[in-house]
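Working notes, structure below.
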Amino acid sequence: MLTTRFHPGSSIAVFMLAAYCAAILPAEAQRFPAGSSRLEAVLKDAESAARLASTGKLFYESDENKLTWSKYCANSIALSNRGEFRQAVREASKALFLGKTSNNTTALAFASRDLAYAYNLAGDLERAEEWAKQALTYGSQGARDRNLILSAAQKVLGDVAVRRGDLDAGFSHYEKALSELFGVDRQRLAVQLSMANTEIRRGRIDAARKILDGIDLSDKSWMPYLMRARGQLAYAEKNHAKAAEHYAAAADSLRGGKDAYHLMWMQYGLGQSLAAAGERDKAIDALREAAASARTLRAQFRSAEFRAGFFGDVQSIYDDMISLLADAKRFDEALAASEESRARALLDVLRGHAGAKEEGSTAAVPPGTVVAVYHVLGDRTLAWTVRGEGTVAASIPLGSKELATVVGRYRRALTGRSDDTDAQARRLYDTLVRPLGLKAGETLIVVPHRSLHYLPFHALRGDSGYLVEERPVSTMPSIGAMAAILARTPASQPALVAVGNPTLDEPGLELPGAEREVQMIGALYPGARIFVRDSASKQGFITQAPGNGLVHVAAHASVDEVDPLYSSIRLARAGQQRGELEAHEILKLDFSRARLVTLSACESGLGKVSGGDEFYGFKRTFLAAGAQSLLVSLWPVEDESTAGLMGVFYRELRGRPMADALREAQLSLIKSETHRDPMFWAPFLLVGDWR
């Protein structure tokens, strides 16, 4: 029986950030799956329904100029409309506190409404629904302006239902929202446009047209939104020229104004319509404008998680632009757009560490190195080989769904030691590697995209054997990330700290191979500090690991597939403290002197990839905390073979680049009698600086 370093963890309820959408949800955005993002535990806890009022008290008491609850509510709405959702929630929480303190039902109703609105725009559907229902409760208890509160709450519930795919329930909530309103006002117009958009999605074109024709536009400021809705209707009718006309008029009327969010989606709708009408160059220009609006909006978000979630939502803009640029053979521009679209939140952090600036596509590629950048589209995958002397592009006829299927099938074959593993490895090599035109002796740096994050490229098989037998292989989040990481100065004489086989509460979880592993590695590095069993504690790691050049952890790990920032490495307890080191806790530590962090544990390289190609898990958190490079695993690893691989790796690391040292360690297992199967050596992946 194989001893693995995997411990199954339970799913944890998390704060999900899905698609960023406006009060009037654009049909263009609704066609795409919501991106998701996460916040650190302390923020999640501070924003829970149970503690929001007490949090509001703290914020209120810290205000030098204290306001009325109504002013805080007004501030909250204004902040939500500008995309500053964190501040919007805080302002509404102050109103909530004042309402609870004075037992003011009206204040509680409006504060709940504003919280529902902020969470709705931020994409947290669960909390949006929770606060909308709370607003209905307070609004029914005699609050002033009852109809406005009830209508707004029903509108949020309609948005939530539509975004969950329940169009009928969403439309029903919109009808209830409309029934609460009297006369013509902005709220009525917002509900009517949402109803029209929902009817378009339900395929009820005539019903949508009837709603739009019945809108009273006494308030001319709503004309752009009506024009956009008419553009959506024309697009659904396949009258693309008319749709482009409506979108262009809507976008023109908002340029230079404050509503950059809606302008972005109008520009996107214009780009889609022009592309469908055969106006490719004009469509590219419109999509570039939409991407520029996205950059402007993203710069306004103070939270890195909101930025990541927002970029996940606008990937459709970049994907369409990249696809059109590739069709036009403008591959360098397509690569630049791909770079702009991926892992921007992580890149912001990396550049902050290195003081690096924006680089061109080839600026960071050293001699003897080739970077393979992939971008997965719906109908194909684009691949660029980037060298110091220039870039070559290729198109691979495998779209996102099919690619995810074959990657998943190969991973299952690897871990299950299937009879057709070799055949699958050869097919994937032919599909993904052969088109790159690699040269002998080049070190390969892979920039994966979407499902390719989970693929062990080094285990694909060509004419000369496995790819790792041809050359050293490493990975990077993006070319920009590579430039930022290579700009850092790692520790000149790296000290080693190694943690292995921590004492755990559950029987049967001992890892004797992990203990031998860290002792063996420690013997290679004079002055190394080794922590095993009881001394391999979470608190010990937090205090001892930062500041070292080499950090090695050999322990059980578990991946939280719901929220990878709660994935954990199981370390020993110290007193009453828990021993689980969770991924989000790494963000609070300083690993800027670490040349390498090795997580010699099961699935430490897994996580979740958001729409913006932000990777959430240990890979992201250690890089964001300053580590120069990581050695992680893609599936459960076996104790004995892992110890052997790590021994060779650290021995070779004393005189070789990291990618070469890993290659030698993996080749040593390939040549062995007992561990030549890729299940044993292929899970390990180098991320970051390969030198």
**Report entry** Shape call, the stretch 95-197: gyration tensor on alpha carbons, a/c limit 1.5
**Finding:** oblate
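Between D185 and Q539, what is 0.36 nm times their sequence separation minus the Cα-Cα distance? Round to one decimal in nm. Mind showing how you got there, number by number?
Numbers: separation 354, 0.36 × 354 = 127.44 nm, distance 5.78 nm.
Additional length available on full extension: 121.7 nm.
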Query raised in the report: In terms of Cα to Cα distance under 18 Å, which lysines are near enough to K619, apart from those fewer than 8 places away along the same chain?
Result: K588, K608
Query raised in the report: Measuring from the lowest to the highest alpha carbon on each principal axis, how far does the stretch 67-122 reach, largest first, in angstroms?
Result: 30, 20, 13
**Report entry** Computed over the stretch 438-561, Cα set: Rg, Dmax in Å
**Finding:** 18.3, 51
Report task. Give me the number: length gained by fully extending N147 to R434, i.e. 0.36 nm times residue separation minus the C-alpha to C-alpha distance, one decimal in nm. Result -> 96.9 nm
Query raised in the report: Could you give the semi-axes, largest first, of the ellipsoid that matches the stretch 624-673, computed as the square roots of 5 times the alpha carbon gyration tensor eigenvalues and rounded to whole Å?
Result: 20, 15, 8
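Please tell me which of these pairs span more than 29 angstrom C-alpha to C-alpha: K71/K155; K155/K220; K210/K401; K100/K155; K94/K220?
Working: K71/K155 22 Å; K155/K220 22 Å; K210/K401 37 Å; K100/K155 25 Å; K94/K220 34 Å.
Correct reply: K210/K401; K94/K220.
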Requested in this report: Quickly work out the D379-to-A328 label distance, labels modelled 7 Å from Cα along the C-beta direction, and quote it in nm with one decimal.
Outcome: 1.7 nm
Query raised in the report: With each pseudo-label sitting 7 Å past Cα toward Cβ, what's the L524-A241 distance in nm, one decimal?
Result: 6.9 nm
Report summary line: Over all directions, the stretch 146-239 yields a Cα convex hull whose mean projected area in nm² is 5.7 nm²
Query raised in the report: What shape does the stretch 495-558 have by the C-alpha gyration tensor, where a ≥ b ≥ c are the square roots of the eigenvalues, rounded means a/c under 1.5, and otherwise prolate means a/b greater than b/c and oblate the rest?
Result: oblate
Report summary line: Classified through the alpha carbon gyration tensor (a ≥ b ≥ c as square roots of its eigenvalues; rounded if a/c is under 1.5, else prolate when a/b is larger than b/c, else oblate), the stretch 173-306 comes out oblate
Query raised in the report: So what's the stretch 380-461 giving for Rg/Rh, alpha carbon basis, Kirkwood Rh from the mean inverse pair distance?
Result: 0.97
Query - Cα-projected label distance for A394 with S672, points at 7 Å along beta-carbon direction, nm - result: 3.3 nm
Report summary line: With K210 itself left out, Lys, Arg at +1 and Asp, Glu at -1 over residues whose Cβ is under 15 Å from its Cβ give -2
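None of the figures in this text is laboratory data; all of them are computed from the coordinates on show. All figures in this text were calculated on a predicted structure; none of them were measured in a lab. Neighbour counts run over all protein chains shown; Cβ positions are idealised from the backbone, glycine included.
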